[in-house]
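The values are calculated or read from the model by the stated rules, or taken from the named source; none is laboratory data. None of these values were measured; they are calculated from a predicted model. When we count neighbours, we look across all protein chains shown, and the Cβ atoms used for this are built from the backbone with ideal geometry, even at glycine.
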Amino acid sequence: IDLVQAEAVMDLIGSRTEKSSKIALSQLEGNLSVQVNRLRQSLVDILAEIEVNLDYPEYDFEQITAQNCSIRLFEIKKELIKLMSSFSFGKILREGMEAAIIGKPNAGKSSLLNRLARKNRAIVTEIPGTTRDILEEYVNILGLPIKLIDTAGLRQTEDRVEKIGVKKAWEVIDSADLILFILDAYSGFEKEDDDIYEKVKDYHDKTLYVVNKTDITSPGKIHEIKAKIRDFLEISVLEDSGINALESEIYHFVNKNEMDTDNQVLVTNSRHKMLLTDAEKGIETALSAIDANMTLDIISMDIKSAADSLGQITGHHVSEEIVLNIFQRFCVGK
């Protein structure tokens, strides 16, 4: 068992959804390790060829050229970049993400939390300002472990307790990975909505606009909202309408690169991502050295650095493997 597999044991124990469990199990079975080891072995092969040419010039081995080295390094770099591109989604599957539910009072924020959580977690009344503090609940949305955060209705208020809740809500908005801005289709687009909209413009890239209470609205009220916000989802928590579409939209927001969790190896661990980045930087430096017509012994230092970074992911040491590779592949010293 290597380091990746050992870490996967803890991930499997701590997983909150079936998708999270599958990814952890895949890593425990060695699927990520196989890919990392294959890329590391490709670098070790290049290093062995460089060293045998430098250290044993009297033997008639095929000379490794800078051009050949560059081609092979570029292919390895492409695979590293592909692996790293899975991290943003993989990290969420492993650690979860925070989604803040915001909006003016009585827009249906707590009702939505209860619906997504599939239980009555938040108190719901017709009285605006019922929710005054932050309420958190982990939910499973299409396999994603998401911490929903119900916030106080955002409005100007003289109530001291409600003021604290509003202040906390804005703090959550700043730190959340995703914002669900809930609007009220019954009341239309009011000044309170406009005040919130102006403030969340800075978070547009992580905001989904959701119009609730579409079962009791009128075309005029929907038009009011459309005049200000172009794209939004229409739902009715009361009628259980549009909820599946909202869950699907949340999933696609998280999985922007459309990663196939069933057939694709994902990077989920920050340590792995950091070391993959280090390896990619080492290869990029080696490629730059080749372009600058540096000698192979200088280029090999950056390649070894990249191989060492990949080795640290699984717990392998590269130096010994280079020597072993030389004696296995080349008839040297026999």
Next on the checklist: Here is a check on your reading of the model: is ILE290 outside the structural domain of ASP177 (by TED's automatic domain parsing) and either within 30 Å of LYS109 (Cα to Cα) or β-branched (Val, Ile, Thr) (or both)?
Outcome noted: yes
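Would you be able to say whether some residue in segment 269-284 is outside any helix (DSSP H, G or I), crowded, with 21+ Cβ neighbours inside 10 Å and within 18 Å of the chain's Cα centre (by Cα)?
Kept after step one, since they are outside any helix (DSSP H, G or I), are these residues of segment 269-284: 269.
Of the ones still in play, those that are also crowded, with 21+ Cβ neighbours inside 10 Å are 269.
Now drop any that are not within 18 Å of the chain's Cα centre (by Cα), which leaves 269.
Yes, segment 269-284 contains a residue that is outside any helix (DSSP H, G or I), crowded, with 21+ Cβ neighbours inside 10 Å and within 18 Å of the chain's Cα centre (by Cα).
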Checklist entry - Which of (1) surrounded by fewer than 17 Cβ atoms within 10 Å (Cβ to Cβ); (2) touching a strand residue (DSSP E or B) at 6+ places or on another chain (Cβ under 7 Å) does ASN212 not meet, given it meets every other one? => result (1)
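Only residues that are of a type outside the set (A, V, I, L, M) and in a helix (DSSP H, G or I): list them for segment 1-28, please. Steps first, answer last, please.
So in segment 1-28, the residues of a type outside the set (A, V, I, L, M) come out as 2, 5, 7, 11, 14-22, 26-27.
Those that are of a type outside the set (A, V, I, L, M) and in a helix (DSSP H, G or I): GLN5, GLU7, ASP11, GLY14, GLU18, LYS19, SER20, SER21, LYS22, SER26, GLN27.
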Next on the checklist: When you scan segment 227-237, do you find a residue that is in contact (Cβ under 8 Å) with a residue 60 or more places away in the chain, surrounded by fewer than 19 Cβ atoms within 10 Å (Cβ to Cβ) and over 16 Å from the mean Cα position of the chain (by Cα), even just one?
Outcome noted: no
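Give the residue that is surrounded by the most Cβ atoms within 10 Å (Cβ to Cβ), with candidates limited to residues of segment 92-112 that are among the charged types (D, E, K, R) and under 20 Å from VAL172 (Cβ atoms). Walk me through it before giving the result.
Narrowing segment 92-112 to residues among the charged types (D, E, K, R): 94-95, 98, 104, 109.
In the following step, the residues that additionally are under 20 Å from VAL172 (Cβ atoms) were identified as 95, 98, 104, 109.
Numbers: GLU95: 15, GLU98: 15, LYS104: 22, LYS109: 33.
By that ranking, first place goes to LYS109.
For residues in segment 238-260 being hydrophobic (A, V, I, L, M, F, W, C) and more than 11 Å from VAL211 (Cβ to Cβ), which is surrounded by the fewest Cβ atoms within 10 Å (Cβ to Cβ)? Write out each step before concluding.
Just the residues of segment 238-260 that are hydrophobic (A, V, I, L, M, F, W, C), to begin with: 238, 243, 245-246, 250, 253-254, 259.
Keeping just the survivors that are more than 11 Å from VAL211 (Cβ to Cβ) gives 238, 243, 245, 250, 253-254, 259.
Numbers: LEU238: 14, ILE243: 16, ALA245: 12, ILE250: 22, PHE253: 17, VAL254: 20, MET259: 18.
Looking at the filtered set, the residue picked out is ALA245.
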Next on the checklist: So for segment 46-58 (the condition being buried (at least 17 other Cβ atoms within 10 Å of the Cβ), at pLDDT 90 or above and farther than 27 Å from ILE146 by Cα), does at least one residue qualify?
Outcome noted: yes
Next on the checklist: Please determine whether any residue of segment 244-259 is of a type in the set (Phe, Trp, Tyr), within 18 Å of GLY103 (Cα to Cα) and within 26 Å of the chain's Cα centre (by Cα).
Outcome noted: no
Next on the checklist: Every residue in segment 183-203 that is hydrophobic (A, V, I, L, M, F, W, C) and in contact with a Ser or Thr (Cβ under 9 Å, 6 or more places away or on another chain), please.
Outcome noted: ALA185, VAL200
